[in-house]
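Okay, structure first, notes after.
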Amino acid sequence: MTTVPLLRTEIPGPRSRELHAQREAAVAAGFGITLPVFIARAGTSTLEDVDGNTLIDLASGIAVTSVGAANPQVRANVAAQLELFTHTCFMVTEYEGFVRVAEWLNQHIPGDFEKRTALFSTGAEAVENAVKIARAHTGRPAVLVIDEAYHGRSLLTMAMTAKEHPYKTSFGPFPDAVVRAPNANPLRGEGAEPALAEVERLIVEHGREYFAALVVEPIQGEGGFVVPAPGFLRGLRRIADEYGIVLVVDEIQSGLGRTGRLFASEHEGVAGDITLTAKALGGGLPLSAVTGRSDIMDAAHPGGLGGTYAGNPLACAAALAVFDALDEPGLLPRVAGIEQTIRRHLEPLLTEIDAVAEVRGRGAMMAVEFADPGTLAPRSDLAQRIAAACHAAGVLALTCGTHGNVIRLLPPLVIEEPVLNAGLEILVASIRSVAAEEAAA
Ligand code: PLZ
């Protein structure tokens, strides 16, 4: 028997409502909110709010707190660094943590070649810097991206992101030289071969000297946890090689153990020329990395890369604790177990409930898509109602997908089995009750 979720008030409780009203008077309206609950502290896989409610965390702050939002080793490493100094700026004077983080990434990121790493703070910055480096290396201007991709909210990465609303509405004009190629989404009948043929056609159409980089998420995150059709990533690798394009694998959401391997691209046996990490890398502190072939990485001239906070020492100290957790032999098998548990709870719904179109994903990056049977018309209304029912019952689950019709599960990799089961039972009950309301309407 498990004691979570533990609800003492309705969700959100009175203190959260009070604070949320203050937020509305102080914070720019542009920030959305999934669940207007204020957090006071975190456990391994739980979040305690300011009203004393304990919620089950199936979001990990969008795939960030993979080793827990209050991981003891992360806190100890950061506390020790905090006692020494908080910042020097790595472009002004150096510190060891930055080098150790780069070494670990060079060693563990896929690709049997000499590597170099550059650290930054956010995922969008990593994406932008990968494009800078690919341009410097190739002397070419453009970026090829995949339909339904998400790469960030800065001007270039907004242009690279597919979904218009809420990310791009009213924020243009965007940098040009970004071209979008089709996806290979098996649920929608999009096979690898036609998508790859179109990628190649676009490259030839724009000319062999146009594309510096081809950027791809090995499993799409915000776009709906789409696992591409088998062979798609390998095909992109072959095309990038053939046309001398830098293959940039965006592992910002899928990397660092999330899918049961250290990197999602390993499931396909593919190595990017450049691989991007962020999110889980800093264990909750802002840290991102661009890691790649040393000849490509070193194409950017000395002084060409950087940023005041790039590779902040507190964030590097946190990352070293995250690496220790990932190096534990028991962790990745545990992530495979999370996938099995999620499938055991959700897959029976595929035959039971018409609108459950697919259960997919890898490891602790799993999703369920809602769509009309036959037409596959997206049912974001159902996904939103189910997420709201989970929230009211004390389970923090997120939606995603270009059409908002997907519920995604991103539990901490260290979630305890009884907590995961309790969260999934609430999710399944929420799906059943929304489906029953729907049938009665
Ligand atoms: N690449 C694959 O998933 C961030 C976005 C949340 P930043 N995804 C969460 C939101 O609504 O802003 C992401 C990603 C992939 C790049 C990014 C960008 O990372 O750290 O948010 O800049």
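The values are calculated or read from the model by the stated rules, or taken from the named source; none is laboratory data. Since the structure is predicted, the reported quantities are computational estimates derived from the model, not experimental observations. All Cβ positions, glycine included, derive from the backbone under ideal geometry; neighbour counts span all protein chains shown. These area figures cover heavy atoms from the full protein model, side chains too; ligands, DNA and RNA do not enter into them. Shrake-Rupley method; radii C 1.70, N 1.55, O 1.52, S 1.80 Å.
Assessment of the stretch 120-127 against the conditions (at pLDDT 95 or above and assigned to a strand (DSSP E or B)) yields at least one matching residue. For the stretch 265-311, residues that are within 14 Å of the ligand (Cβ to nearest atom) and part of a loop (DSSP other than H, G, I, E, B) total 8. Of all the residues in the stretch 392-424, those that are in a helix (DSSP H, G or I) and closer than 22 Å to residue 224 by Cα number 3. Residues considered: 131, 101, 92. Of these, the only one that is within 16 Å of the ligand (Cβ to nearest atom) and either in a loop (DSSP other than H, G, I, E, B) or open to solvent by less than 20 Å² (accessible area, probe 1.4 Å) (or both) is 131. If you filter the stretch 149-187 down to residues that are within 16 Å of the ligand (Cβ to nearest atom) and assigned to a helix (DSSP H, G or I), you find that the one that is farthest from residue 288 (Cα to Cα) is 159. Being in a strand (DSSP E or B) and within 16 Å of the ligand (Cβ to nearest atom), is that true of even one residue in the stretch 104-119? Yes. Figure legend. Inter-residue proximity from the stretch 57-70: first residues open to solvent by less than 20 Å² (accessible area, probe 1.4 Å), second residues away from the ligand (no atom under 15 Å from the Cβ) and part of a helix (DSSP H, G or I), beta-carbon distance below 7 Å, spacing 6+ or different chains. Indicated pairs: 58/423; 67/74; 67/322; 67/325.
Just checking, does the stretch 312-328 include any residue being at positive phi, small (Gly, Ala, Ser) and in contact with a strand residue (DSSP E or B) (Cβ under 9 Å, 6 or more places away or on another chain)? Steps first, answer last, please.
Narrowing the stretch 312-328 to residues at positive phi: none.
So far as the stretch 312-328 goes, no, none of its residues is at positive phi, small (Gly, Ala, Ser) and in contact with a strand residue (DSSP E or B) (Cβ under 9 Å, 6 or more places away or on another chain).
Here is the figure for the stretch 251-264: residues that are within 11 Å of the ligand (Cβ to nearest atom), in contact with a Pro (Cβ under 7 Å, 6 or more places away or on another chain) and not in a helix (DSSP H, G or I) total 2. Residue check: residue 212 meets all listed conditions (1) in contact with a Gly (Cβ under 9 Å, 6 or more places away or on another chain); (2) open to solvent by 10 Å² or more (accessible area, probe 1.4 Å); (3) away from the ligand (no atom under 16 Å from the Cβ) but one, namely (2).
Within the stretch 158-194, restricting attention to residues that are farther than 21 Å from residue 207 by Cα and among the basic types (Lys, Arg), the residue that is surrounded by the fewest Cβ atoms within 10 Å (Cβ to Cβ) is 188.
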